[in-house]
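Before any comments, here is the structure.
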Amino acid sequence: MIDIKGLTVEYEGGIKALEGVDLTISEGDSLGLIGANGAGKSSLFRSLTGLTAFKGSIMFNGLEVVKKNMPEIRKNLGYVIQESDDQMFMPKVIEDMIFGPVNYGTSKDEAVKKAEEILAQLEISHLKERYNHKISGGEKKMAAIATILMMKPNVILFDEPTSSLDPHNRRTVINAIKRIDATKIIASHDLDLIYDTCEKVALLNKGRIVKVGERDDILRDKDLLEENGLELPLSITGR
Ligand SMILES: Nc1ncnc2c1ncn2[C@@H]1O[C@H](COP(=O)(O)OP(=O)(O)O)[C@@H](O)[C@H]1O
Ligand SMILES: [Mg+2]
């Protein structure tokens, strides 16, 4: 479904964010992309979504990730960015949710109906008429996820979905992610989040893939995690 080969991202000033990354994601996978700050997780997502120039090749559903294919690719690829404030640009939650589908030709009534279903599914129907700038961080994250689901993507990227959320909101977001039926890639250094939501894990360090494997083979390997600037998930240490 996604085939990444030799992905290299170099920013101005010669900073190499990714170097020679090979990674394959199959349909139905839930992959945790883990690594310390600066490891290159967001750069990988920005490459996949055509937001950053890169070297190497990325294939998405048989289409190469290049400018001319982006409109087609974006129909099937949802991207929940780290800063929900930058994701929402309409005043109200419902307006944000229907914007994409209406733009693609769905009638307003139909889009609202679909939005109501998704809000109910995520148990956030009360946010429908709320203003994006007047809801909490956790509510914003949920609204951002709801907006992405409107486009029925078959792959969804989540960049640090629990960062800066309190424990209650964090749990709400984790439960929502678990219930979403799509191929998922979740980037985070919150290894408890990854443990809860992913079956496979890819470990990045300084722009390179260190290891890809089954969840338990990576998240229970204390030495491997510590060598790469991470710590065992609390759910494993039992602390
Ligand atoms: N727009 C940018 N310009 C220059 N350097 C950047 C830019 N974005 C990220 N970097 C650098 O690239 C490296 C990888 O960053 P990033 O992909 O954001 O990592 P992560 O998401 O794992 O924290 C870091 O060294 C970061 O400082
Ligand atoms: Mg990041």
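Can you tell me which residue within region 147-178, out of those that are more than 26 Å from Gly38 (Cα to Cα) and of a type in the set (A, V, I, L, M, F, W, C), is nearest to ligand 2 (Cβ to nearest atom)?
Ala176
Out of Val112, Val80, which single residue is more than 16 Å from ligand 1 (Cβ to nearest atom) and either in contact with a helix residue (DSSP H, G or I) (Cβ under 7 Å, 6 or more places away or on another chain) or among the basic types (Lys, Arg) (or both)? Talk me through it step by step, then tell me what you get.
Details: Val80 fails: more than 16 Å from ligand 1 (Cβ to nearest atom).
The unique qualifying residue is Val112.
Show the residue pairs meeting these rules: Cβ distance below 9 Å; 6+ apart or different chains; first residue within region 62-73 and free of Cβ contacts under 8 Å to residues at least 12 places away in the same chain; second residue among the polar types (S, T, N, Q) and open to solvent by 60 Å² or more (accessible area, probe 1.4 Å).
Once the first residue is free of Cβ contacts under 8 Å to residues at least 12 places away in the same chain and sits in region 62-73, its partners that are among the polar types (S, T, N, Q) and open to solvent by 60 Å² or more (accessible area, probe 1.4 Å) give Glu72/Asn61.
Would you say Leu204 is farther than 19 Å from Gln82 by Cα, of a type outside the set (Ser, Thr, Tyr) and surrounded by 19 or more Cβ atoms within 10 Å (Cβ to Cβ)? Outline the logic, then answer.
Working: farther than 19 Å from Gln82 by Cα: no; of a type outside the set (Ser, Thr, Tyr): yes; surrounded by 19 or more Cβ atoms within 10 Å (Cβ to Cβ): yes.
So Leu204 does not fit the description; no.
Restricting region 18-29 to residues that are away from ligand 1 (no atom under 15 Å from the Cβ) and open to solvent by 10 Å² or more (accessible area, probe 1.4 Å), which is farthest from Asp196 (Cα to Cα)? Break it down stepwise before answering.
Filtering region 18-29 down to residues away from ligand 1 (no atom under 15 Å from the Cβ) leaves 22, 24-29.
Remaining after also requiring open to solvent by 10 Å² or more (accessible area, probe 1.4 Å): 22, 24, 26-29.
Details: Asp22: 25, Thr24: 21, Ser26: 19, Glu27: 19, Gly28: 16, Asp29: 14 Å.
By that ranking, first place goes to Asp22.
Residues to consider are Leu18, Leu63, Leu51, Leu7; find the one that is within 16 Å of the chain's Cα centre (by Cα) and not small (Gly, Ala, Ser).
Values: Leu18 fails: within 16 Å of the chain's Cα centre (by Cα); Leu63 fails: within 16 Å of the chain's Cα centre (by Cα); Leu7 fails: within 16 Å of the chain's Cα centre (by Cα).
Only one candidate qualifies: Leu51.
Checking the conditions here, which among Ile236, Ile218 is more than 13 Å from the chain's Cα centre (by Cα), away from ligand 1 (no atom under 15 Å from the Cβ), part of a helix (DSSP H, G or I) and surrounded by 21 or more Cβ atoms within 10 Å (Cβ to Cβ)?
Sole residue among the options that is more than 13 Å from the chain's Cα centre (by Cα), away from ligand 1 (no atom under 15 Å from the Cβ), part of a helix (DSSP H, G or I) and surrounded by 21 or more Cβ atoms within 10 Å (Cβ to Cβ): Ile218.
Could you check region 221-233 and list, in sequence order, the residues that are open to solvent by less than 80 Å² (accessible area, probe 1.4 Å) and either more than 16 Å from ligand 1 (Cβ to nearest atom) or free of Cβ contacts under 8 Å to residues at least 60 places away in the same chain (or both)?
Taking region 221-233 first, the residues open to solvent by less than 80 Å² (accessible area, probe 1.4 Å) are 221, 224-225, 228-230, 232-233.
If the condition is that a residue be open to solvent by less than 80 Å² (accessible area, probe 1.4 Å) and either more than 16 Å from ligand 1 (Cβ to nearest atom) or free of Cβ contacts under 8 Å to residues at least 60 places away in the same chain (or both), then Asp221, Leu224, Leu225, Leu232, Pro233 are the ones that fit.
Could you go through region 129-145 and let me know if any residue there is under 12 Å from the mean Cα position of the chain (by Cα) and under 25 Å from Pro71 (Cβ atoms). Break it down into steps so the answer makes sense when it comes.
At the first step, the residues of region 129-145 found to be under 12 Å from the mean Cα position of the chain (by Cα) are 141, 144-145.
After this cut, where a residue has to be under 25 Å from Pro71 (Cβ atoms) as well, the list is 144-145.
So far as region 129-145 goes, yes, one or more of its residues are under 12 Å from the mean Cα position of the chain (by Cα) and under 25 Å from Pro71 (Cβ atoms).
Tally the residues that are touching a Pro at 6+ places or on another chain (Cβ under 6 Å) and either surrounded by fewer than 19 Cβ atoms within 10 Å (Cβ to Cβ) or not β-branched (Val, Ile, Thr) (or both), restricting the search to region 166-180. If you could, list the steps in order and put the result at the bottom.
At the first step, the residues of region 166-180 found to be touching a Pro at 6+ places or on another chain (Cβ under 6 Å) are 173.
So of that shortlist, the ones also either surrounded by fewer than 19 Cβ atoms within 10 Å (Cβ to Cβ) or not β-branched (Val, Ile, Thr) (or both) come out as none.
Final tally of qualifying residues: 0.
Testing Ser163 on (1) modelled with pLDDT under 95; (2) open to solvent by less than 20 Å² (accessible area, probe 1.4 Å), one condition comes back false. Which one is that?
(2)
For region 41-155, which fully contained helices (runs of 4 or more DSSP H) count at least 3 residues that are at pLDDT 95 or above and either under 26 Å from Asp190 (Cβ atoms) or open to solvent by less than 40 Å² (accessible area, probe 1.4 Å) (or both)? Give the steps one after another, and end with the answer.
Values: elements: 41-48, 70-76, 84-87, 93-103, 108-121, 137-149.
Because the criterion is at least 3 residues that are at pLDDT 95 or above and either under 26 Å from Asp190 (Cβ atoms) or open to solvent by less than 40 Å² (accessible area, probe 1.4 Å) (or both), the helices (runs of 4 or more DSSP H) in region 41-155 that meet it are 41-48, 93-103, 108-121, 137-149.
The values are calculated or read from the model by the stated rules, or taken from the named source; none is laboratory data. Predicted model only: the values in this text are computed from it and were never measured. Every residue, glycine as well, gets a Cβ built from its backbone with ideal geometry; the counts of neighbours run over all protein chains shown. Areas reflect the complete protein model, heavy atoms only, side chains present, ligands, DNA and RNA absent. Shrake-Rupley method; radii C 1.70, N 1.55, O 1.52, S 1.80 Å.
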